[in-house]
Amino acid sequence: MSEEGYHLIVECIHATNQNITQQVHALIAQSKLAGVVLTPPLSDLPVLIEALKATNTPIVRFSPETPQPDVIDVDIDNCLAAYDITKYLLGLGHRRIAFIRGSVDHADARARSKAIARL
């Protein structure tokens, strides 16, 4: 990427931050961003998405719960993926399988839990 003049910057922004809009505007002003990738729970935070849209910053969201206009979303079928992965491991004879669900506040975590319950 650096050959084309682009660099990957990873910035930790907490969804509970009261100054999230100011933090995002400062980051954009300092970095001259070409775009932003948002992961859960930030991918569903309206105040953050609106702040980015106000600066005309392109946005890609991973695993959003709700669609947004003018934003690219990337998602998978979490229920099917969790089911297939667990079934595969069981098929190999594994019986002690750890399951790291994620926040129960997010739809993807609930979908993965639902899939495991079906086994």
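The values are calculated or read from the model by the stated rules, or taken from the named source; none is laboratory data. As the structure is a prediction and not an experimental result, all values here were calculated from the model. Cβ placement follows ideal geometry from the backbone for every residue including glycine, while neighbour counts extend to all protein chains displayed. Accessible surface is based on the protein model in full, side chains and every heavy atom, while ligands, DNA and RNA are left aside. Shrake-Rupley method; radii C 1.70, N 1.55, O 1.52, S 1.80 Å.
A compact table of results
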{"read-out": "Set of lysines near Lys114 by C-alpha distance (under 25 Å), chain-local residues within fewer than 8 positions excluded", "value": "Lys87"}
{"read-out": "The chain: angle of helix 78-91 to the longest principal axis, Cα-based, in degrees nearest 10", "value": "40 degrees"}
{"read-out": "Extreme residue, positive dipole direction of the chain, given options Phe62, Leu45, Ala81 (C-beta unit charges)", "value": "Ala81"}
{"read-out": "Largest-first ordering by accessible area, 1.4 Å probe, given options Arg110, Arg95", "value": "Arg95, Arg110"}
{"read-out": "Charge dipole (debye, nearest 20) of the stretch 1-80; +1 at Cβ of Lys and Arg, -1 at Cβ of Asp and Glu", "value": "320 debye"}
{"read-out": "Placed amide H near Val36: partners under 5 Å, 5+ positions off or other chain", "value": "Ile59, Val60"}
{"read-out": "For the chain, radius of gyration divided by Kirkwood radius, i.e. Rg to Rh on alpha-carbons", "value": "1.08"}
{"read-out": "Average accessible area per residue (Å²) across the chain - probe 1.4 Å, nucleic acids and ligands excluded", "value": "71 Å²"}
{"read-out": "Fraction of accessible area attributable to carbon and sulfur, the chain (%, probe 1.4 Å)", "value": "57 percent"}
{"read-out": "³J(HN,Hα), Karplus 6.51/-1.76/1.60, whole Hz, each residue of the stretch 25-31, x for Gly, Pro", "value": "4, 5, 4, 5, 5, 7, 9"}
